[in-house]
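Undergrad: Structure in structure tokens, see below.
The values are calculated or read from the model by the stated rules, or taken from the named source; none is laboratory data. Everything numeric in this text was worked out from a predicted model, so none of it was measured. We place every Cβ from the backbone using ideal geometry, glycine too, and count neighbours over all the protein chains shown. Side chains are part of the model used for accessible areas, which takes the heavy atoms of the whole protein and leaves out ligands, DNA and RNA. Shrake-Rupley method; radii C 1.70, N 1.55, O 1.52, S 1.80 Å.
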Amino acid sequence: MSLLQINNLKKTFGGNVLFDHVTLEVNRNDKVALIGRNGVGKSTLIKMILGEITPDSGDIFIFGGAVIGYLSQDVLSQDDLTLKEEVLLVFDHLVKLEKLIKGITKELETEHSIHLIEKYSRLEEEYRIKGGYEYHTFIDMILSKFGFLRTDYDRKVSSFSGGEKTRVAFAKLLLQKPDILLLDEPTNHMDIEIIEWLESYLKNYDGAVFVVTHDKYFINKIVNKIYELDQDTLQVYYGKYDDYEIEKVARYEILMKQFIRQNKEIAHLQSFVDRFRYKASKAKSAQDRIKKLARIDRLDKPVTHHQNVKMAFHSRRPTDAIILETRNLSIGYDVPLFENINLEMRGFEKIGIIGPNGAGKTTFVKTVIEDLEPLKGEVVFHKPLKIGYFDQNQEFENESISLLDMLHGIYPTKTLQEVRSLLARVLFSADDVFKQIKVLSGGEKVRLRLLLLMLEEPELLILDEPTNHLDIDTKTIVEDIFEEFIGPIIFISHDRYFINKVATKIISLHPAQFEIFDGNYDEYQAKREINKLEKPVQKKEKIRTISLDKQIKKLEKEIDDLQKNIQIEKDSLFLPKNYSDKSVYDSIVESIHLSEEKANRLFEELISLTQANEF
């Protein structure tokens with residue numbers, strides 16, 4: 001069943017066509033990704049779907065009153081509410097029903113009219129059908145998965161950081177359960193653990209998901225259809241990102257064959273015309289071929305990609321020798337984050353550091369490069385290395401000067417033409433070189449920082465989130481650059497596709513847990529899954545696991561039994577012998593309230609045990 005349909009959409013800005021002939025469809029349970037380079041019009045298309053921008057021509061249809069939920073901080077109502085109050089707004093209808101039911105329950109203590117009992121029954125049934133007995137559990141589950149603790153429930157939304165507010169907005173959006181989830185860069189500000197849960201949730205979401213993202217790993221996990229906005233129009237591909245890459249190459253090859261075949265045909269016809277158009281005996285045939293040439297719908301030469309970054313890092317021949325070692329290293333500030341870290345790094349290794357925000361990734365890197373003193377132990381470089389550091393903050397000493405002046409100031413012996421050529425390698429050409437650094441976008445600053453890093457000719461690269469702010473095509477180039485770099489790299493990243501492609505070793509950081517895995521991200525994930533299946537064989541741990549499973553099953557049975565008894569007791573209120581005797585009626589109502597409170601407590605206990613059993 002179609003929820004959203006777009007037909008022949010066109011949009012121009014300042015006389016330039018942004019896109020044309022854009023047609024797409026989103027059906028119920030579709031998981032769709034919209035991809036494309038920065039600036040091709042993805043955000044404009046989203047704003048058109050939301051009704052914020054009007055297309056020049058074409059139609060947008062939303063069928064059956066489908067509700068679209070868009071991820072933005074506008075989802076949040078007001079900063080002076082607590083986290084719990086904010087998310088409860090989603091269930092305002094249930095909160096109002098609860099108040100009505102409680103009011104009627106109080107009235108029933110003194111009045112036992114059939115009208116009042118029927119009203120109570122009708123409202124309670126509506127409350128049950130709409131999820132009144134489950135929504136608190138649903139709230140707890142969603143908030144916990146987004147990394148919020150019970151202690152956060154009473155915090156004002158205004159006290160949260162920008163990233164935390166985004167997670168609150170996302171949690172609230174999922175609680176609303178719209179027909180179409182419209183998500184723009186949903187993995188921004190998210191730790192890998194949250195993203196992995198989110199992928200599982202969205203993949204099984206009972207509705208459509210329409211996501212704009214540059215996260216290739218995320219696309220691979222949840223999407224079954226990809227729309228690419230490129231060269232002013234939209235192309236559809238079925239499957240995951242890996243399928244899209246294969247199909248795009250195949251389509252290019254088919255189009256190139258058709259283009260070559262047509263060019264050969266045109267050349268053959270033109271050759272005949274040139275030779276015989278003025279020869280009387282062949283004039284008629286030549287005229288036929290001229291007409292045929294005029295009727296040919298000329299194909300444009302297919303393009304594989306637009307202009308791309310052209311740069312490469314050079315390094316000395318890699319060595320198997322240990323170049324860097326940490327010995328009983330403890331890191332942190334006043335209190336150690338991690339202790340007794342023993343790590344060896346060889347001259348060819350590329351180490352990816354992963355973990356939640358605040359886990360200590362940057363602290364570890366700064367200790368390694370000696371920007372921070374270790375609390376204990378030591379970092380040993382077995383030979384001097386020229387270190388190139390890429391900082392995710394992308395701050396420049398003077399952002400008021402032009403790119404040309406900045407780079408020429410660093411390398412004054414290079415001619416202006418040489419400096420222009422260098423800037424062109426990272427897509428700054430013509431008048432772009434006169435831009436002030438402060439007006440550059442996040443992606444442009446990343447490209448400039450990478451160029452400066454390349455010109456330093458480092459022997460060891462230290463990278464902090466090098467793919468932030470980059471579109472898919474530029475990410476691919478950066479992945480290739482660092483994959484082909486033959487020297488050692490230590491990098492921090494949440495980009496799992498980049499980690500998977502570049503890393504030969506993973507350091508995973510969690511509170512009080514510093515783990516080292518040999519291999520890329522997929523191999524690390526596989527090892528984690530094996531570790532989950534192969535629980536430690538110590539007797540105590542085995543007993544604990546069995547005990548948890550038993551407790552969970554016992555709680556589930558208790559909750560089921562309670563809910564059955566609650567329903568039986570509610571039905572019994574309609575028996576004349578019960579509603580005609582006030583003391584009996586009040587006793588049953590009190591029993592129902594006690595049972596419901598117990599069920600809620602058991603639900604909370606079940607959530608805690610289920611989460612504990614996952615680790």
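Undergrad: At Arg601 and Asn16, where each label point lies 7 Å from the Cα along Cα→Cβ, what is the point-to-point distance in nanometres?
TA: Result for the modelled spin labels: 6.6 nm.
Undergrad: Skip the ligands, DNA and RNA, and give the accessible area per residue of the chain with a 1.4 Å probe, whole Å².
TA: Values: 32120 Å² over 615 residues.
That works out to 52 Å² per residue.
Undergrad: Would you please give the residues with an amide H less than 5 Å from that of Leu337, counting only those at least 5 places away or on a separate chain, with H modeled from the backbone geometry?
TA: Result for Leu337 returns Ile331, Gly332.
Undergrad: Continuing with the same structure: In the range 215-321, which trypsin sites (Lys or Arg not before Pro) are in a loop and have at most 12 other Cβ atoms within 10 Å, using DSSP for the loop call?
TA: Here the sparse-neighbourhood loop sites are Lys279, Arg298, Lys310, Arg316.
Undergrad: With θ set to phi - 60° and the Karplus curve 6.51 cos²θ - 1.76 cosθ + 1.60, what are the ³J(HN,Hα) couplings of the range 148-163 in order, to the nearest whole Hz, using x for Gly and Pro?
TA: Per-residue couplings from phi come out as 8, 9, 4, 5, 7, 4, 9, 6, 5, 4, 5, 7, 7, 6, x, x Hz.
Undergrad: Just check the range 1-118 against the gyration tensor rule for me: Cα atoms, a ≥ b ≥ c as the square roots of the eigenvalues, rounded for a/c under 1.5, and otherwise prolate or oblate depending on whether a/b exceeds b/c.
TA: In terms of gyration-tensor shape, prolate.
Undergrad: Taking 0.36 nm per residue of separation and subtracting the Cα-Cα distance, what length does fully extending Glu418 through Arg528 add?
TA: Full extension of this stretch gives 34.7 nm more.
Undergrad: Moving to a separate point now. Here are some pairs, Lys438/Lys501; Lys119/Lys564; Lys145/Lys361; which of them have Cα atoms lying more than 24 Å apart in this structure?
TA: Beyond 24 Å: Lys438/Lys501.
Undergrad: Could you work out what % of the accessible surface of the range 347-499 is carbon and sulfur, using a 1.4 angstrom probe and leaving DNA, RNA and ligands out of the count?
TA: 47
Undergrad: Determine, from the Cβ-Cβ distance of Ser285 and Phe434 and an R0 of 51 Å, the FRET efficiency 1/(1 + (r/R0)^6), rounded to the nearest 0.05.
TA: So, using R0 = 51 Å, E works out to roughly 0.30.
Undergrad: Calculated FRET efficiency, Gln262 and Asn27, Cβ-Cβ r, R0 51 Å, to nearest 0.05?
TA: In this case the efficiency is close to 0.90.
Undergrad: For Cα extents along the principal axes in Å, the choices are (1) 114, 79, 49; (2) 157, 55, 49; (3) 104, 57, 41; which was calculated from the structure?
TA: Comparing each candidate, only (1) matches the computed number.
Undergrad: Ile516 versus Asp391, label points 7 Å from Cα toward the beta carbon: distance in nm?
TA: So the label points at Ile516 and Asp391 sit 2.9 nm apart.
Undergrad: In the range 134-230, which GluC sites (Glu not before Pro) are in a loop and have at most 15 other Cβ atoms within 10 Å, using DSSP for the loop call? The partial results should precede the final answer.
TA: Numbers: sites: Glu134, Glu164, Glu193, Glu196, Glu199, Glu228; in loops: Glu134.
Sites meeting the loop and neighbour criteria: Glu134.
Undergrad: Report relative contact order for the chain in percent, whole number only (criteria: Cα-Cα under 8 Å, sequence separation at least 6).
TA: Working: 885 pairs, mean separation 80.4, N = 615.
So the answer I get is 13 percent.
Undergrad: Taking only DSSP H segments of four or more residues, each worth -39500 (n - 2.57), what value at 222 nm results for the chain once the sum is divided by all its residues, to the nearest 500 deg cm²/dmol?
TA: -15000 deg cm²/dmol
Undergrad: Shifting gears a bit: Give the distance, in whole Å, between the Cα centre of the range 237-313 and the Cα centre of the range 388-415.
TA: Value for the Cα centre distance between the two parts: 44 Å.
Undergrad: Show me the trypsin sites (Lys or Arg not before Pro) within the range 331-429 that DSSP assigns to loop and that have at most 16 other Cβ atoms within 10 Å of their Cβ. Please list the in-between numbers first.
TA: On the way: sites: Arg346, Lys350, Lys361, Lys366, Lys376, Lys386, Lys414, Arg420, Arg425; in loops: Lys386, Lys414.
Passing sites in the range 331-429 are Lys386, Lys414.
Undergrad: Using 0.36 nm times the number of residues separating Asp405 and Val380, minus their current alpha carbon distance, what extension gain do you get?
TA: Working: separation 25, 0.36 × 25 = 9.00 nm, distance 3.83 nm.
Here the segment from Asp405 to Val380 would lengthen by 5.2 nm.
Undergrad: With r as the distance between the Cβ atoms of Glu456 and Ala321 and R0 = 22 Å, compute the FRET efficiency 1/(1 + (r/R0)^6) and round to 0.05. Working shown, then result.
TA: On the way: r = 23 Å, r/R0 = 1.04.
FRET efficiency, Ala321 to Glu456: 0.45.
Undergrad: At Glu193 and Gln567, where each label point lies 7 Å from the Cα along Cα→Cβ, what is the point-to-point distance in nanometres?
TA: My value for the distance between the label points is 3.7 nm.
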